[in-house]
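Here the structure is laid out as structure tokens; the discussion comes afterwards.
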Amino acid sequence: EDKQWYQRRVRGPLFLYFPVQTPHFPIEVPKRYYDIYEGIVENEARRTVMAMISAMDEAVFTLVNGLEQRGMWDNTVLIFLSDNGGELGCGQYNYPLRGGKASLWEGGIRTTAFLHSPILPRTTGVVNHEMIHVTDWLPTITRIATCGLEDPHKACSLDLGNINGVDQLATITLPGTLSNRTEILVNIDPLWHNKAIISGRWKLIVGPNGHDGWLPPPELTSNEVEEWVEIDDGGRWRLFDIQSDPYEKEDVSLKRLDIAMELFNRLNEYEVVMVEPGNKPYDPDSNPKYFNGTWTPWLETC
């Protein structure tokens, strides 16, 4: 709501992180956005989610407009991304991908993103299907800030220590450039007892994996979609060739046991050196109802 942030004094370059909280649970939105879709979207949950996206669009517009008014837009790189797929059952859909938020299926972990800047080479309309992980943004953004955008292939010294991310600037900005990674550790969760890894065209999922099935949006007619099936995942491992089977319909672990074992061993290598989760038990004193409906620190730290 602070639409005058850009009038504050800004000295030199800046990094602005803008984590928009929509669309996200709870599924609710101011009426003026909801009314936009009157007579257009019949499904209540779907209409509300689309209205939430309109609210997000307005927030991003306000951000870009502020940068333009400050004369900063012409030297800005905007990265727009999501942290996970849509949550099934509340107006969000990832069809034809399988599963959704809180799962290791492609519908839960595979998201779209875009990068835009007036100082980028003209690559309007280029779609990139290379393997890029969220951890790659740190070295990529650091490279942009350190060495600029002029020559993405030029060596750029980045002292970031031993991190998981890799510089993907050339992959993103120069069409046809291969990704700097061939593997993604999707997750290892000792609390939910599941884990997954992607290596090249292969993806291995081990353990129970929720939010399953292929859920089409209500605007698609029955002859445009395949039947949605809720699958009981028995906690075993599953191997998919996500290059030829991006919707994860055929488990090929029995046919390619060699690949499954190779990826399983790779997961074990990661698990040996992983940092244990630091989850704390829920504290009822943290409830936002005690802080005017806001999530905020609630403990004295000193």
message: Out of the residues in the range 222-244 meeting the condition of being surrounded by 16 or more Cβ atoms within 10 Å (Cβ to Cβ) and of a type in the set (Asp, Glu), tell me which one is modelled with the highest pLDDT.
response: Asp241
task: Give the residue that is modelled with the lowest pLDDT, with candidates limited to residues of the range 1-44 that are of a type in the set (Val, Ile, Thr) and open to solvent by 60 Å² or more (accessible area, probe 1.4 Å).
output: Ile40
task: Test Arg70 against the criterion of being basic (Lys, Arg), open to solvent by 30 Å² or more (accessible area, probe 1.4 Å) and either more than 22 Å from Phe18 (Cβ to Cβ) or free of Cβ contacts under 8 Å to residues at least 40 places away in the same chain (or both), and give yes or no.
output: no
- line: Flagged in the range 120-145 as open to solvent by 70 Å² or more (accessible area, probe 1.4 Å), in contact (Cβ under 8 Å) with a residue 40 or more places away in the chain and of a type in the set (Val, Ile, Thr), in numbering order, are Val126, Val134
field: Residue that is least open to solvent (accessible area, probe 1.4 Å), among those in the range 81-115 that are outside any helix (DSSP H, G or I) and among the β-branched types (Val, Ile, Thr)
entry: Thr111
task: For the range 161-199, enumerate the residues that are surrounded by fewer than 19 Cβ atoms within 10 Å (Cβ to Cβ) and among the acidic types (Asp, Glu).
output: Glu183, Asp189
- prompt: Looking at the range 29-64, which of the residues that are in a loop (DSSP other than H, G, I, E, B) and in contact (Cβ under 8 Å) with a residue 24 or more places away in the chain is farthest from Asp83 (Cα to Cα)?
  reply: Glu42
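The values are calculated or read from the model by the stated rules, or taken from the named source; none is laboratory data. The structure displayed is predicted, hence computed values, not measured ones. When we count neighbours, we look across all protein chains shown, and the Cβ atoms used for this are built from the backbone with ideal geometry, even at glycine. Side chains are part of the model used for accessible areas, which takes the heavy atoms of the whole protein and leaves out ligands, DNA and RNA. Shrake-Rupley method; radii C 1.70, N 1.55, O 1.52, S 1.80 Å.
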